[in-house]
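Undergrad: Have a look at the structure that comes next, please.
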Amino acid sequence: MKLSLESITKTYGAHRALKGLDLKLESSRCLTLIGPSGGGKSTTLRLIAGLEKASGGSIQVNNKPVPQTEEELRRYRKSIGVVFQSYNLFPHFDALTNIALPLEKVHGVSREESRDRAQSLLSQFKLATHGRKKPSELSGGQNQRVAIARSLAHNPDLILFDEPTSALDPEMSAQILDVIEELIQSGKDCVIVTHQMGFAKRASDYAAFISRGKVEESGKSLELFDNPQCPELAQFLERELKY
Amino acid sequence: MRALLFLDTENESTGISSLAKAVSFALAFSFLCLLAMAAFASLEYDWNWSAVYRYKTKFIDGWLVTIQVSSVSLVVACLIGGLSALAARSPFLPLRYLSKIYIEGTRGTPLLVQILLIFYVFADAAHLDNRYVVGVLVLSLFSGAYVSEIFRAGIESVGSSQLLSAKAIGFTPYQTFRYIVFPQALRRSLPALAGQFANLIKDSSLLSIIAIGEFTLNAQEVNTSTLSTFESFFPLAVGYLILTLPIFYLSRHLEKRLAFDL
């Protein structure tokens, strides 16, 4: 993916979440956004996802600007998959329907094909026998796998993960991170907001450190993690890796 | 003995045995019955059930009318309540205020006043002659305001994360409402809706003042003919309980099921 964020600002009332954020990537398979809580990582991800509009600046994904009108934004969002921290599955539908319904209603796939595709995705994520269960009957890790399957179903150009393992215990986190790593290896472009530094270093090719509404440092993840330039990042990494 | 009357506070997980429930219920119920009997005894009232018994079809007819009027009103109230809840969220602001004024006006005034006002003023002006239609209309409008608030709470209970997720998937606002918000809001509204139905049944008794031949009016008429006040009104209370108790039970059941599901 090619990504360009130019002097992005985003304000919520009086609160300035992003204060002129710049980030340019010529070609990246997987970008991780790291940084302290409240620094603007998730806001950046939501702007890339087209879920919110920037207050100023311009965002380009693969040389195309993220649209401004609601109608165009809706079309844009269809080309993207988003996975949230708390899964955000629909509690009144079973796992299969959670995956199949968007395919059928948003992407115009026939009912049978939607369900077939959903079923094969469930099998791919080792959930083949859980299709009829509702989210309340599944574990956190299983729910997150359903959510990942849902974000993949329409074969999006780009998948965005917003702290996909923050609500999971270490065992389940590891499972989910394995799934995400496989996706990256299979050639999916993705942007991940994460606190898992080990994962970020290993799985992503680029990383950006976002703090106080700005990109304080960015670069190839191996270099960034091994040899941080700004003292704030060095301190952040030290603290994150301490425990 | 102790186990039959007291909750085992040290072992709450064991629950209450059915025998303990039955014994305790019987005790409480007989206490209230005794109290009532003592009160009636001091009244030295001459019971005359046979006079009232001759009017049993009148009771049954009235009871059935009450069921019919309440059921139709519930359906219409749900329609009105649904529309009003949607209007309250409309981007067209005058519609919002219309809904707001309707809800607060209706909830803030007695049903009795509404019945009289609508029957003698609005229905008259609109040449609505059928008092049953007017009765259903008044009751629906009255109940619709409460139903609207129930629906509003249901809609608002659907979390913002659900809306965000629907947005990310690419649902249109209509699709989001149709597939995500509405089904969840409806399920969460059901217990309160059942309770509202029980209220509706009791409130329908006020329609007797515009001479709708429902349960209460018929009981009043039996009372006038037989002069046996208590014998006329006692079946009335029982008749309402037969309707409302199962509904309250249903409401509680729905509430429990909901707690498990979400």
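Computed from the coordinates by the stated procedures, all read-outs in this text should not be read as laboratory data. Please read these numbers as outputs of a predicted model, since none were measured by experiment. For neighbour counting, all protein chains shown are included, and Cβ atoms are generated from backbone atoms with ideal geometry for every residue, glycine included.
Undergrad: According to the square roots a ≥ b ≥ c of the eigenvalues of the Cα gyration tensor, what is the shape class of segment B:55-261, taking rounded for a/c under 1.5, prolate for a/b larger than b/c otherwise, and oblate for the remainder?
TA: In terms of gyration-tensor shape, oblate.
Undergrad: Same structure, new question: Could you give me the ³J(HN,Hα) list for segment A:7-14, computed from phi with Karplus coefficients 6.51, -1.76, 1.60 and θ = phi - 60°, whole Hz, x at Gly and Pro?
TA: Here the 3J(HN,Hα) series is 5, 6, 10, 8, 10, 10, x, 8 Hz.
Undergrad: Can you work out ³J(HN,Hα) from phi for every residue in segment B:72-77, in order, using Karplus 6.51 cos²θ - 1.76 cosθ + 1.60 and θ = phi - 60°, giving whole Hz and x for Gly and Pro?
TA: Coupling constants for segment B:72-77: 4, 4, 4, 4, 5, 4 Hz.
Undergrad: Roughly how many Å is it from the Cα centre of segment A:145-215 to that of segment A:69-122, as a whole number?
TA: Their Cα centres are 19 Å away from one another.
Undergrad: Using a Cα-Cα cut-off of under 15 Å, which aspartates and glutamates could be cross-linked to A:Lys133, ignoring same-chain neighbours fewer than 8 residues away?
TA: Excluding near neighbours in sequence, the set is A:Asp94, B:Asp261.
Undergrad: Right, next: Using Cα pairs under 8 angstrom and six or more residues apart, how large is the relative contact order of chain B, in percent?
TA: 25
Undergrad: Treat every Asp and Glu Cβ in segment B:1-139 as -1 and every Lys and Arg Cβ as +1, leave all other atoms uncharged, and give the resulting dipole magnitude about the Cα centre to the nearest 20 debye.
TA: Its charge dipole is roughly 380 debye.
Undergrad: Sticking with this one: Which far-off residues, 5 or more places away or on another chain, put their amide H under 5 Å from the one on A:Gly20, with H placed in the peptide plane?
TA: Placed amide hydrogens put A:Ile8, A:Thr9, A:Lys10 under 5 Å from A:Gly20.
Undergrad: ³J(HN,Hα) across segment A:183-194 via Karplus (A = 6.51, B = -1.76, C = 1.60, θ = phi - 60°), whole Hz, x for Gly/Pro?
TA: Couplings: 4, 4, 5, 6, x, 7, 7, 8, 10, 10, 8, 8 Hz.
Undergrad: Something else now. Where both residues lie in the protein assembly as shown, what percent of DSSP beta bridges are antiparallel, nearest 5?
TA: Expressed as a percentage, antiparallel bridges in the protein assembly as shown total about 55.
Undergrad: If you place +1 on the Cβ of every Lys and Arg, -1 on the Cβ of every Asp and Glu, and leave all else neutral, what size is the dipole of chain A about its Cα centre, to the nearest 20 Debye? Present the calculation step by step, with values, prior to reporting the outcome.
TA: Numbers: 32 positive and 30 negative charges, 113 e Å.
The dipole magnitude comes to about 540 debye.
Undergrad: Let me ask something else about it. List the residues, sorted by chain then number, that are 5 or more residues from A:Phe161 or on another chain and whose placed amide H is less than 5 Å from its amide H.
TA: A:Val83, A:Val191, A:Ile192, A:Val193
Undergrad: Give me the distance in nm between label points sitting 7 Å out from Cα along the Cα-to-Cβ direction at B:Phe182 and B:Phe40, one decimal.
TA: Rounded to a tenth, the inter-label distance reads 5.1 nm.
Undergrad: From the residues B:Pro183, B:Leu245, B:Ala26, which one has its Cα farthest along the dipole of the protein assembly as shown in the positive direction, the dipole being from +1 and -1 charges on Cβ of Lys/Arg and Asp/Glu about the Cα centre?
TA: With unit charges placed on the Cβ atoms, the residue in question is B:Pro183.
Undergrad: Here is a further query. Shape of segment B:56-177 from its Cα gyration tensor (a ≥ b ≥ c, root eigenvalues): rounded if a/c is under 1.5, otherwise prolate when a/b > b/c, or oblate?
TA: Cα axes put segment B:56-177 in the prolate bin.
Undergrad: Near the amide H of A:Cys30, under 5 Å away, which other amide H atoms are found, from residues 5 or more places off or on another chain, if H is placed in the peptide plane?
TA: Those qualifying (amide H under 5 Å, at least 5 residues apart or on another chain) are A:Cys190, A:Asp205, A:Tyr206.
Undergrad: Run down the aspartates and glutamates and flag those whose C-alpha is under 14 Å from the C-alpha of A:Lys78, throwing out any fewer than 8 positions away in its chain.
TA: Answer for A:Lys78, where 14 Å is the Cα cut-off: A:Glu70, A:Glu104, A:Asp157, listed by chain and number.
Undergrad: Using +1 at the C-beta of Lys and Arg and -1 at the C-beta of Asp and Glu, which of A:Thr69, A:Asn88, A:Ile34 has the Cα lying farthest in the positive direction of the dipole of segment A:1-97?
TA: A:Ile34
Undergrad: Charges only on Cβ, +1 for Lys and Arg, -1 for Asp and Glu: so what's the dipole of the protein assembly as shown about the Cα centre, in debye to the nearest 20?
TA: With Lys and Arg at +1 and Asp and Glu at -1, about 760 debye.
Undergrad: Shifting gears a bit: For B:Leu32 and B:Glu221 in one chain, what is 0.36 nm times their gap in residues minus the Cα-Cα distance, to one decimal in nm?
TA: Using 0.36 nm per residue and subtracting the Cα-Cα distance, I get 65.2 nm.
Undergrad: Checking the table A:Lys10/A:Lys105; A:Lys64/A:Lys214; A:Lys19/A:Lys242; A:Lys53/A:Lys242 against a 27 Å threshold on Cα-Cα, which pairs fail?
TA: Cα-Cα > 27 Å for A:Lys10/A:Lys105; A:Lys19/A:Lys242; A:Lys53/A:Lys242; rest within.
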